[in-house]
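Take a look at the structure set out below.
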Amino acid sequence: MAEIYWPFATSTVSEWPGTRGSGWADHVGTDFAIPQGTPLKATMAGTVDIHWTDGLGAWVIDIIAPDGTVVRNGHLSYMAVADGEWVNVGDYIGNTGGAGGTAGAGMSTGPHLHWEIRNNTGWGATGWYDPRNLTIKTFGQTAPPAKPQAAAPATKKRRRNKMDYACVTREKSKGTFVAMVFCLGNGEVHEFESTKAYVDNIAKTYQCGPTSIVTASHYSKIQGELAATRKRLDARKG
C-alpha cells in the first residue's frame with residue numbers, strides 16, 4: 001500500500017469507521033472535527049480526482065496512488081488543485097469545510113473533514129480500510145518527495161468513476177416512500193418501492209441514509225446530469 005500520513009492529530013477524531021444505527025449505511029471514513037477553512041495537506045502522493053458533488057452536494061478531492069490506493073477528502077470548502085494534477089505528500093490541496101449550509105458541505109451539519117482510505121476497485125460497502133489497522137505516518141516525520149508515476153495529464157478529461165451517483169428518497173404517498181439511485185457514471189436510474197429494500201441494499205452500497213430528501217431543483221439538476229451522461233455514452237458508442 002502507498003505511504004499515507006494522518007491529515008490531523010488523531011485526538012481530533014470525532015468518528016472512526018464502523019457501523020451506525022438502523023437506517024444508515026456504515027460509516028467507512030474517519031471524521032476529524034476541524035474548524036471550517038483549515039488548510040489541508042495531501043496525505044498521500046498521487047493523482048487528483050475532483051468531485052464537485054459526491055451525489056449529496058459535498059465537494060471531494062480523491063488522491064489516487066499508482067498502486068490503486070485512494071485517499072478521499074470530503075466536505076471541503078475550497079479546492080486548490082486541478083483534476084488530473086499530481087500532488088506530493090504535504091502539498092496544500094484546499095481547505096476543510098462541513099459547516100451546514102456552506103458551499104461544499106453537502107449534507108454535513110458541522111465542520112469536519114471526512115477522510116477515507118480505499119482501493120480503486122470498488123466503491124460500495126467493501127474496499128475500504130480502517131486506518132487504525134494500518135501503519136499511518138504523521139507530518140512530524142519526514143515526508144519523502146514522490147516522483148509522478150503514471151500521472152494523468154492535467155489537460156486530459158477524466159472519465160467519471162463509479163462513485164458519481166445521487167441517492168434520494170421521496171414520499172410517493174402518505175407513509176410510502178420510494179428510493180432512487182441515479183448512477184451518473186453510466187446514466188442508469190434504479191427505483192425501489194420498499195424502504196426496507198433501500199436500507200438493506202442500496203444504502204449499504206451507496207453510503208446514503210433513508211432520509212436523504214432533496215429539493216425539486218436538485219432533482220432536476222440530477223436529471224440534467226443523467227441526460228448529459230447518456231448523450232456522452234451514446235456518442236462514445238457511435
Practice task
Restrict the check to segment 29-42 and report whether at least one residue is modelled with pLDDT under 90 and touching a Gly at 6+ places or on another chain (Cβ under 9 Å).
Solution key: yes
Handout entry: Subset tally (residues that are open to solvent by less than 10 Å² (accessible area, probe 1.4 Å) and aliphatic (A, V, I, L, M)) for segment 33-64
Key = 8
Practice task
Pairs only if they're at least six apart or on different chains, beta carbon under 7 angstrom, first in segment 68-81 and touching a residue at least 40 places away in the same chain (Cβ under 8 Å) and over 23 Å from GLY100 (Cα atoms), second polar (S, T, N, Q) and crowded, with 19+ Cβ neighbours inside 10 Å; list them, first residue then second.
Solution key: VAL71/THR43
Exercise for the section: With the condition kept exactly as written, say whether any residue in segment 6-24 is assigned to a loop (DSSP other than H, G, I, E, B), open to solvent by 10 Å² or more (accessible area, probe 1.4 Å), over 18 Å from LEU134 (Cβ atoms) and modelled with pLDDT of 90 or more. Expected result: no
Completion exercise
Restricted to segment 109-151 and to residues being in contact with a Ser or Thr (Cβ under 9 Å, 6 or more places away or on another chain) and among the small types (Gly, Ala, Ser), the residue modelled with the highest pLDDT is GLY110
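The values are calculated or read from the model by the stated rules, or taken from the named source; none is laboratory data. This is a predicted model, so every value here is computed, not measured. Positions of Cβ are generated from backbone atoms using ideal geometry, with glycine treated the same way; all protein chains shown enter the neighbour counts. Heavy atoms of the whole protein, side chains included, go into the accessibility calculation; ligands, DNA and RNA do not. Shrake-Rupley method; radii C 1.70, N 1.55, O 1.52, S 1.80 Å.
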